[in-house]
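Presented below is the structure to which this report refers.
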Amino acid sequence: MANNVQIMFEAVLAARAAEVEAALRRILDDRTRSGEIARPERLMAAMRHGALNGGKRLRPFLAIEAAALLAPNLDRQIVLCVAAALECVHCYSLIHDDLPPMDDDDLRRGQPTVHRAFDEATAILAGDALLTLAFDLLAGRSTDTLMPQNRLDLVAGLARAAGLGGMVGGQMLDIQAEERRPEEAGIIRLQAMKTGALIRFACEAGAILAAAPPADRERLAEFGSAIGLAFQLADDLLDVTASPERMGKATGKDAAAGKATLVALHGADWARSQLHGLVNQAHSLLEPYGARAALLKAAASFVAVRQN
């Protein structure tokens, strides 16, 4: 039976997802913004298909709640702008990840992937546009009341989390892992980059929004690292235990492709034990904040036990 904190967490997660969805709908409307020449209709449709298709919106949730933990009275529109930027980057990565040269997936969240609903060229451009839109959001008028250094930290931090030393670099290592089959340390590095870097930065972004001191920024970032690794470990477990219907996408593809994962290397029981340890680590990092961190602690637990 779910306890009160879990029930509250699920309600707040859904509420934050609805807020982010509404923000994304406003951002992805057809109205041309200052400095733009036009918004091509087909490209906008593909971007909306990839970004407005549901999902837990976990990364925005983490940024919103990390900010609320450290500075409860922040301007909501600024927080949602940063949260939407994070989700734009995440959705871009999914669009490109689903392409035939990458994972070659036909379904995402129970509906056709962008390249199936449109075509490969449009999917590539939709991903490109979502990525660049994220930086437009961080550097645009919506955040101009933030301290200049904090705006710079948000832009630079997202670029590093999403780029060469983070998500994109991790995707390259993931492709190579089909042939090279790295050992445990290599797999952990790959997953920390491909999945963990953006989750880590989502938590740190909340601390940046709150203008928190370096110790809090690092603590929230380390919390993000722990749950980022837990998220990927849970994902690898679900790939071998869950049905495509539950996941809303194909399962069993990692094993079929010969990809090296910690589940493949050590087995499901070991993975579940590691998940437990990562959640405990995440919880311990939040101890200094007491009961105020209950939602973020619940998020760490949720990551480990989620069913899709």
### Query
Over its Cα atoms, what ratio of radius of gyration to 2.2 N^0.38 Å does the chain give?
0.96
### Task
At 0.36 nm per residue, minus the direct Cα-Cα distance, what do R26 and M147 gain on full extension? Give it in nm, one decimal, please.
41.1 nm
#### Entry: Under 5 Å, built H, 5+ apart or other chain: amide partners of L52
none
#### Entry: Charge dipole of the chain about the Cα centre (unit charges at C-beta), most positive-ward option of I187, Q171, A205
A205
### Query
For the range 77-212, with only Lys/Arg (+1) and Asp/Glu (-1) charged at the beta-carbon, what is the dipole magnitude about the Cα centre, in debye rounded to 20?
520 debye
### the chain: relative contact order in percent, alpha carbon pairs under 8 Å with at least 6 residues between
19 percent
### Query
How about the range 89-190: which trypsin sites (Lys or Arg not before Pro) there are in a DSSP loop, with at most 16 other Cβ atoms within 10 Å of their Cβ?
R109
### Query
Given only helices, namely DSSP H runs of n ≥ 4 each adding -39500 (n - 2.57), what is the per-residue ellipticity at 222 nm of the chain, to the nearest 500 deg cm²/dmol?
-22500 deg cm²/dmol
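Just so you know, all these numbers are worked out from the coordinates, no wet-lab data involved. Source: prediction; values computed, not measured. Backbone-built Cβ (ideal geometry, glycine too); neighbour counts: all protein chains shown.
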